[in-house]
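The structure appears right after this line, and notes come after that.
The values are calculated or read from the model by the stated rules, or taken from the named source; none is laboratory data. Here the structure is a predicted model, which means the values were calculated and not measured. Backbone-built Cβ (ideal geometry, glycine too); neighbour counts: all protein chains shown. Just the protein is used for accessible areas: all its heavy atoms, side chains included, with ligands, DNA and RNA removed. Shrake-Rupley method; radii C 1.70, N 1.55, O 1.52, S 1.80 Å.
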Amino acid sequence: MLRLPFSAHSIAEGTTFTIYCKRDFLTHTFKIIIIMNLITKIPFSCYVIGLLFVLSGSLANGQSKEAVTDTAKKLPPALPAAIKPYEDVVPASARKLKSFFQVDIVKDKYFLEIPDSLLKRDILAVTRIEKGNGEIVVPLINLGYDGDEMGRPVISFDRIPGDRLALRSVNFHNVANDTTANGLSHSLENNNLQSIEVIFPIKAFNKKAKSLVIDITDFLNSKNMTSTFAPPVWGPLDIFKFQVPDRGYIEEIQAFPDNIEIKTVKTMVNESKSSTIELNTSLLLLPMAPMKPRLKDARIGFFSNSYVDFDVDSHGVGATRYIQRWRMEPKDEDIEKYKRGELVEPKKPIIIYIDPATPKKWVPYLIAGINDWQAAFEKAGFKNAIFGKEAPVNDSTWSANDARHSMVVYKPSAIENAAGFNVNDPRSGEILETHISWYHSVMALIQNWYTIQAGAIDQRTHKPELDDELMGQLIRFVSSHEVGHTLGLEHNFGASSTVSVENLRNKAWVEEHGHTPSIMDYARFNYVAQPEDNIGPKGIFPRIGDYDKWAIEWGYKWLPQFKSAPEEKDYMNKWIIEKLASGKQYFYGSQLDPTTDNFPLNSIDPRDQSEDLGDDAMLASSYGIKNLKRIEPHLIEWAAKPGGNYDRAAALYKELVGEYSRFMGHVCRNIGGIYETPKTVEQQGPEYELADKAKQKRAMAFLQKQLFTTPYWLMDRKLYLVSPLGFNIVTDVQKKILASLLSSSTMARLISEEDGFPGKAYTASEMLNDLKQGIFSELPLYKSISMYRRDLQKTYVEAVIALLSPKAIGSVNDGLSIIKAHAKLLASEFKNASAHCSDTITRDHLVDMYERLNNTLKPKVQ
Ligand SMILES: [Zn+2]
């Protein structure tokens, strides 16, 4: 009997064992969140976007239930429409477009001919905006541009009583392969009826082609089309709830061998304001037998689809994840060569076209960023596996929205970002196409980054605008990073932690190996390198590294000796263990919390951070600050353009403070940090280790020296005089880090670590004591306190007061007791110091802080 890698429709054999799912928009949106967070300047904004999407996803699922009830209202009258002879419905004069379904166009009517053999087959419907309208661009996430995706459900048609066809949405959340008498497949089938979205009366039979003819004109013009193909999402994102069907039309239907492209125009009216957009829906017939999937492994960063697998464990339900990857197989005639280890070309290479709207001078660099991945595929045994190409411009048969074509889409957006999306077969994770969004303003972002991070060691940055050649190289690096995503790779935030800070300054070493083994890290440029190290561009720029090549090898190696993903499991496990033992450069550190592989993003592992470098944040950041001090006095001079103002200098200055802020964040993460290293039982050592206490204390000492001691060097007085600039951006960094250290979550973590790692933990009491000694260092000496320090100290006291609420910190564990004792000690020191203080403003400040604390500690006494 046919035993596919996992269940699928198998009409031909008369056995229907179906994959059951619901429309899992949530899973899909998670991918969007990850990618939205690609290279953004302010990571927190991404979390907001993430939350928005999560919320929208859960609501979308909720709404889909309503949609099922709605379906009843959509149904046409129960009586079947009269079936006419084929020629009466589709006369010889009709335009006939050949694809897996034939499309017949009769005047303004559109018919689909669905062959019997393709009933119940899974079809992926990807809807994108073909022509945007500025009016509907959703703030914050910049949805609404040409190329933006609105939905990707899987649908299928099946014949139902009354000579009608049902269009169902198909879901792949639950799987059960076991179709034997006692297997769960039958039961699952009986409990997962796929939702009907629309019912069509059959208009005619094409006996010659053995197909059924339906009229899809009204469907495509109705609201049903968008609700079927672009599942509704929450609130501001749900633009189609305002759709007015009588202000839309079908623009065009094109047919290609593997796909049907439907262009429709829709108008939304909201409070008398209307906006019209053009949508492109691609219908792709998914392969009858899905590609053999590969199981996700927590030790390598691939995007994945998750399923509830009822076969994994007879005692319960297991979660199964299949990675997202392209189908990469040798040609039949090359199989033996491949097995012998010779490089062969794949049956179908990955081709990514460059949008014709891209400025010509950047095209070669975007292409180079794509082609750079060829070396990685060679590790998996394939040569010429991936190409960048200019999109044809005068070819009427070529369309950017033809679902067979992958693209880098150039978007006229002010968003400083780029993003790599893929469309994959939800049954197997097979990537079918990709659209990389390249937002115009990403150029400004990378230019500023490079100037701030490499300005001390690369003289080419000492001018208002970087030369095209240098910009091109920066574009190439961003292009490679985004293409990495579209090959299935997740961020590897841990990669840069495998390189020692010494090696980052070692010219020979770093030029040979690069400053991080992964371009999928957020490790932009080598900010550790000092001018005297004389390190050239090869040691400053990121590139596809050892980890990336290994990840592609692992994900794309063709392993015909195994018939299914579970059969590969032992082999893959051994392979990973051997590879990880062979060098630390293969380490993968997740952007997500590895225990849940879920949002919120913040991993508590100090190794897995964005924008950091090296194995020691204190050392790396010290070198980074040295460089910032070198360039800060020159920003006005470098940015000066004849006739120009100080805007660019101010933008560079903000970037510089931002960089300083990131250094502080990297160091801060060491306090209470826990290393999380996913392992299988064959691997030695613990999965969870506490960051060394001495290192945590060094992190605290660093923050006292570089952050809480007012960083006057960072307050640019020259810029202060020529721009509306204030220094809140500097003091905000102090406040942000302080808020993180004095948060209930940090307190709770330190208390739990004291219990989990007895004798080894940096305790909450120790941290509070160290903070107090540094932040209030003036007190024992009865020194007067400067304005910035008074500001910082008041912020500290307010944070302590916030923690004194049992609601904030919990009244059951030791947190409240510890913070109370600390507050009392502080209050007594304020009182004592104020009695000895000669400076009026300092004394007022101390008395004020004393009273604030005292009022909170003893509210009734007052
Ligand atoms: Zn990214």
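Values as computed for the structure displayed
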item: The range 455-604: C-alpha pair distances exceeding 20 Å, %; result: 57 percent
item: Counting DSSP beta bridges with both ends in the range 326-615, the antiparallel % (nearest 5); result: 40 percent
item: Gain upon complete extension [Thr276, Lys210; 0.36 nm per residue less C-alpha separation]; result: 19.9 nm
item: Separation of the Ile351 and Gln530 label points, Cα + 7 Å toward Cβ, nm; result: 5.2 nm
item: Simple spin-label estimate for Ala319 and Ile335 in nanometres, 7 Å along Cα-Cβ; result: 3.7 nm
item: nm² value of the averaged projected area, convex hull over the Cα atoms of the range 699-805; result: 8.3 nm²
item: Base-10 log of normalised Debye intensity for the range 742-862 (one unit scatterer per alpha-carbon) at q = 0.18, 0.19 Å⁻¹; result: -0.93, -1.01
item: 25 °C / 0.890 mPa s Stokes-Einstein diffusion coefficient of the range 326-615, Kirkwood radius on C-alpha pairs, µm²/s; result: 121 µm²/s
item: With all protein chains modelled, accessible area of Leu781 [1.4 Å, Å²]; result: 120 Å²
item: Exposure ranking of Ser744, Ser590 by accessible area [1.4 Å probe, largest first]; result: Ser744, Ser590
item: Relative contact order (percent, whole number), the range 326-615, Cα cutoff 8 Å, 6+ residue spacing; result: 18 percent
item: Residues of type aspartates and glutamates that Lys858 reaches as a straight line, Cα spacing below 13 Å, ignoring anything fewer than 8 places off in the same chain; result: none
item: Hull volume in cubic angstrom per residue (convex hull over the Cα atoms of the range 583-696); result: 140 Å³
item: Flagged links, alpha-carbon separation over 25 Å, of Lys120/Lys207; Lys98/Lys348; Lys348/Lys389; Lys208/Lys292; Lys131/Lys292; result: Lys208/Lys292; Lys131/Lys292
item: Stokes-Einstein D in µm²/s, Kirkwood radius over Cα pairs - the range 417-507 at 20 °C with 1.002 mPa s viscosity; result: 138 µm²/s
item: Average Cα contact separation per residue, the range 358-413, under 8 Å, 6 or more apart, as relative contact order %; result: 29 percent
item: Rounded to the nearest 10 Å², the accessible area of Lys210 at probe 1.4 Å; result: 140 Å²
item: Accessible-area order (highest first, 1.4 angstrom probe) of the listed residues Lys203, Lys361, Lys705; result: Lys705, Lys361, Lys203
item: Fraction of the pair-distance distribution of the range 354-507 above 19 Å, Cα-Cα pairs, percent; result: 62 percent
